[in-house]
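Undergrad: My questions will all concern the structure given below.
The values are calculated or read from the model by the stated rules, or taken from the named source; none is laboratory data. Note that the structure is a prediction, hence the values are computed from the model and not measured. Positions of Cβ are generated from backbone atoms using ideal geometry, with glycine treated the same way; all protein chains shown enter the neighbour counts. Just so you know, the surface numbers come from the protein's heavy atoms only, side chains and all, with ligands and any DNA or RNA stripped out. Shrake-Rupley method; radii C 1.70, N 1.55, O 1.52, S 1.80 Å.
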Amino acid sequence: MVNEGVHSLLDRVERRRRDVSRELSAKHRASLGQFFTPSSVADFLADRFQLPRDGPFRVLDPGAGVGSLSAAIAARVMVERPELDLHITAFEIDEPLISHLTATFEDCRAVAAEHGCEVTFEVRRESFVEYATGWLFETPAQYDACIANPPYKKVSATSPERVAAETCGLRASNLYTIFIGLAANLLAAGGQLSAIIPRSWANGPYHEPFRRFLLDRMGLDFLHVYEQRGKVFADAEVLQENVVLHAVRGDQPAALTLSTSAGGEDVRAERTVSIDEVLHPQDPHLFVRIPTDERSTRVAEQMLALPATLGDLGCGVSTGKVVDFRAREHLRDEPADDTVPLIYPGHLQDGGVDWPSPGSKKPNAIVGSVATAKLLVPNETYVLVRRFSAKEERRRVSAAVLAPVDLPAHIAAVGIENHLNVFHADGAGLDASLARGLCAYLNSTLVDDYVRSFSGHTQINATDLRQLQYPAPDDLVALGEALAGCDWPEQDELDALVAKHLRPVVDRALEPA
């Protein structure tokens, strides 16, 4: 009877969510970064909590919407811990949602009363960020748990939310990281956080301050990846790789649980790993790697066994200097006597550069002049990597060698567009064999799989490339020499060639001491 009443409650809340999602315009939801939580995801987040045996249980819902998450945790308490004194504080600033949120809570109260459960709710019609940052000179309110699907929206450096968060020492560039960081700040010792957020927080320079803030306060004990973009929030047309995290206010544990599924209602695969597999002790940028299966763990072990950094190779990596909309007056569709080649991602083909591209939508050239001199590099040998890939593209890392042989003999300089990362030697070109070997390594399935283990978005930043381990210079040169004069190999052949040159090094490094 208890379960029947609770199931009926959750069904009503889910219908309410769907109705409201249809009623509100996409423009309205986008203005607030709203993505309402489906019932399957709400239940999953609620199930992550370790419910206390007795005493009050104070729960924070910082972006409540229609109350799906609050209802899910209330339902679980009704079934499993009806003796608990549950109090939920829910924040919502979108006026059209307040009546729906209130209706959800009234529904919860009625069902709880039928089964002798004490559940109270407080609806705060104010900014959660203002509330959470208003305790600067007071003792903050504390919660035992936070359940959250925070808004997803980039915010400018001067936005009120970002400025307010920085008063608490949190530097963040998106509402979701601001909400989660501030929520973590309000948890009591041992307090739990269960949230669904985009995977993009796990790596890259933009979210490093947030990672430091969060991991200084919270110990990760569960991470779940929804592997199919668009399946979790299908009715909102969200093409974002999402992660559920559960963390506890306190130190990092020795181990945590990793889990994956395609979408919200699909079968999960789960395993336990050492915390060092997720947070590498020597990583200064605190990337959160998520090796979702045993193969991912083996890939990580192989990568970390490689001996060299970019500095050991005598290489640096940076983004291309030509930002096309800022240099528009100097761009030309086709080469001319006063221009030099301009290389875009579209010019990268089969490990090399195919330039020019007649009829391309992008310019093929940039005027070579005093005004553009700082945007150009010498016509020498470089390795280029696309910064962006299509959302469902087969490869995340795509590299090519730009060599003088790809361009007319008289060319002295070249422009490289900003959507490309450039491997160089202090601004100049690389040794040709080293460049070929480096390109082959970057195009290997080994590197692509490893990058996917910590990157949930389709952008490859220069910081990501600096964080990789690399083969020794001599091994890359030997690999490059094996490719000299050959057509670029198919993927299986390339992987076999990379393995042939790297396996002895990796195997020796992985031998037991």
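Undergrad: What are the residues whose amide H is under 5 Å from the amide H of residue 148, where those residues sit 5 or more places off or on another chain and H is modelled from the backbone?
TA: Those qualifying (amide H under 5 Å, at least 5 residues apart or on another chain) are 194, 195, 196.
Undergrad: Where the accessible area of the chain is counted over protein heavy atoms with a 1.4 Å probe, how much of it, in %, is carbon and sulfur?
TA: Solvent-exposed carbon and sulfur of the chain make up 50 percent of the total.
Undergrad: Let me ask something else. Normalising by the residue count of the range 84-171, find the relative contact order in percent from Cα pairs under 8 Å and 6+ residues apart.
TA: Averaging sequence separation for qualifying contacts and normalising by length gives 32 percent for the range 84-171.
Undergrad: Which ³J(HN,Hα) values, rounded to whole Hz and listed in residue order, are derived for the range 319-328 from phi using the Karplus coefficients 6.51, -1.76 and 1.60 in 6.51 cos²θ - 1.76 cosθ + 1.60 with θ = phi - 60°, glycine and proline given as x?
TA: Computed from phi, the couplings for the range 319-328 are 7, x, 7, 8, 9, 4, 6, 8, 10, 3 Hz.
Undergrad: Given labels modelled 7 Å from the Cα in the Cβ direction, how far is it in nm from residue 268 to residue 142?
TA: For the pair residue 268/residue 142, the computed spacing is 2.9 nm.
Undergrad: Taking θ as phi - 60°, what are the ³J(HN,Hα) couplings along the range 333-350 by the Karplus curve (6.51, -1.76, 1.60), each to the nearest whole Hz, with x for Gly and Pro?
TA: 5, 10, x, 9, 4, 9, 10, 10, x, 10, 9, 10, x, x, 7, 7, 9, 6
Undergrad: Keeping all protein chains in place, calculate the accessible area per residue for the chain (probe 1.4 angstrom), answer in Å².
TA: 44
Undergrad: When the dipole is taken about the Cα centre of the range 375-471, and only Lys, Arg (+1) and Asp, Glu (-1) are charged at their Cβ, what size is it in debye, to the nearest 20?
TA: Here the range 375-471 has a charge dipole of around 300 debye.
Undergrad: Given contacts defined as C-alpha pairs under 8 Å and at least six residues apart, what's the relative contact order of the chain, whole-number percent?
TA: Normalised by residue count, the contact order of the chain is 11 percent.
Undergrad: Report the gain in length on full extension from residue 323 to residue 159: 0.36 nm times residue separation, minus Cα-Cα distance, nm rounded to one decimal.
TA: Full-extension gain reported as 56.5 nm.
Undergrad: To the nearest 0.05, what FRET efficiency results for residue 312 and residue 127 with a Förster distance of 45 Å applied to their C-beta separation?
TA: 0.40
Undergrad: To make sure I understand the rule: partners must be aspartates and glutamates, Cα under 17 Å from the Cα of residue 374, and not fewer than 8 residues away in the same chain. Which ones qualify?
TA: Within reach: 324, 329, 338, 417, 426.
Undergrad: Hey, another quick one. What helices does the chain have that are whole DSSP H segments, at least 27 Å long along their own axis by Cα, and with mean Kyte-Doolittle hydropathy of 0.0 or more?
TA: Answer set is 95-114.
Undergrad: Distance between the C-alpha centers of the range 184-228 and the range 318-342? Whole Å please.
TA: 41
Undergrad: Let me ask another. Could you compute how much accessible surface residue 206 exposes when probed at 1.4 Å, giving the result in Å² to the nearest 10?
TA: Counting only protein heavy atoms, residue 206 exposes about 150 Å² to solvent.
Undergrad: Among 399, 367, 437, which residue has its Cα positioned farthest towards the positive end of the charge dipole of the range 339-438, with +1 placed on the Cβ of Lys and Arg, -1 on the Cβ of Asp and Glu, and the dipole taken about the Cα centre?
TA: Checked the options; the winner is 399.
Undergrad: Can I ask one more? Given a Förster distance of 35 angstrom, what is the FRET efficiency for residue 411 paired with residue 285, based on the Cβ-Cβ distance and rounded to 0.05?
TA: 0.40
Undergrad: With n ≥ 4 as the cut-off for DSSP H runs, can you work out [θ] at 222 nm for the chain, using -39500 (n - 2.57) per run divided by the number of residues, rounded to the nearest 500?
TA: Here the helix-only value at 222 nm equals -10500 deg cm²/dmol.
Undergrad: Right, here's the next one. Given a 1.4 Å probe and heavy atoms of the protein chains only, how would you sort 25, 259, largest accessible area at the top?
TA: 25, 259
Undergrad: When DSSP beta bridges are limited to those with both residues in the chain, what percentage is antiparallel, rounded to the nearest 5?
TA: Just about 65 percent of them are antiparallel.
Undergrad: Something else about it: Just going by the charge dipole of the chain, with Lys and Arg at +1 and Asp and Glu at -1 on Cβ, which of 195, 284, 499 is farthest out on the positive end?
TA: My answer, from the dipole projection, is 195.
Undergrad: Report the gain in length on full extension from residue 22 to residue 85: 0.36 nm times residue separation, minus Cα-Cα distance, nm rounded to one decimal.
TA: Separation in residues times 0.36 nm, less the Cα-Cα distance, equals 19.2 nm.
Undergrad: Same structure again: Considering amide H positions built from the backbone, and no H for Pro or chain starts, which residues 5 or more places from residue 85, or on another chain, come under 5 Å of its amide H?
TA: 55, 57
Undergrad: Let me ask something else about it. Taking the Cα centroid of the range 394-434 and of the range 50-114, what is the distance between the two, rounded to the nearest whole Å?
TA: Spelled out, the Cα-based centre of one part sits 57 Å from the other.
Undergrad: How much length would be gained if the chain were fully extended between residue 189 and residue 493, taking 0.36 nm per residue of separation minus their Cα-Cα distance, in nm to one decimal?
TA: 104.1 nm
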